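Some notes on the structure that comes next.
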Amino acid sequence: MSARETAELLLLVGRLVQADGYDGELSPAQWMALRFFARANSFSQTPSAFAEFQATTRGTASQAIKALEAGGYLVRQRSQADGRSVTLRLTDKGHEAVARDPFEVLVRAVDSLDAHEQAAMRDALHHVLTTVAANGAHPHFGVCQDCAYLGGETNCGSTRANRSALECLLFGVTIEPDDAGLLCVHFQPRSERREDGHRE
Ligand code: SF4
């Protein structure tokens, strides 16, 4: 199979899942927003981070966010740190909606592959995503476990000391193991970290 055929298959999978996003209640854009806020870490639950994730304008992103707030899926909170910045969190209704996300059909399809195929697919897609992102102007979202700023070690222990073994070297905060798989707007692929702490 040629590289072009594989790339076209990727596009087709994305379009098929996107088209299945209409369930009569939420639009595909609203599903994307709800999905994003369900998966974003505490540094990334903002309207501007969602706009960057979608590679769209703040105005377009805020339309989907406002519809989700009006529908009772998202709730807006002021930052406890500065009292000004806004974060968006899922309500109980939002969590119930995510549990019946049409995107789950893709999750189940991937889950039908064996462990070796899933690992190979993840590594290959991760490489493709990093390469595509490096050629564009938009930031590459990713998770702590793949980030150049993650320090410490994953530890399966159950004590508080063991659970605090991961650290974000960019913000100097502890990363709870359960949060290491959440999306972050400040993510930096391991190969791209510069000595001055900024993106290439
Ligand atoms: S380690 Fe990386 S992905 Fe995790 S919070 Fe820090 S900057 Fe974000």
Problem set entry | Sorted peptide list for 90-98, 182-190, criterion being average Cβ within 10 angstrom, highest first | 182-190, 90-98
Exercise. How high is the FRET efficiency from Ala109 to Arg84, r the C-beta distance, R0 35 Å, rounded to 0.05?
Worked result: 0.25
Seminar exercise, completed: Here, Thr174 and Glu69, labelled 7 Å along Cα→Cβ, have an inter-label distance in nm of 3.3 nm
Exercise. Rounded to the nearest 0.05, what FRET efficiency do His95 and Val143 have when you use their Cβ-Cβ distance and R0 = 22 Å?
Worked result: 0.65
Exercise. Ranked highest first by average number of other Cβ atoms within 10 Å, how do 64-76, 37-49, 3-15 line up?
Worked result: 37-49, 64-76, 3-15
Exercise. Between Ser2 and Ser48, what is the FRET efficiency for a Förster distance of 30 Å, r being their Cβ-Cβ separation, to the nearest 0.05?
Worked result: 0.20
Problem set entry | Point-to-point label distance, Leu10-Arg76, nm (Cα→Cβ direction, 7 Å offset) | 3.6 nm
Problem set entry | Mean separation of Cα contacts under 8 Å (6+ apart) over length of region 3-104, as relative contact order % | 26 percent
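None of the figures in this text is laboratory data; all of them are computed from the coordinates on show. All values derive from a computational prediction rather than experimental measurement. Glycine also receives a Cβ, built like all others from the backbone with ideal geometry; neighbour counts cover every protein chain displayed.
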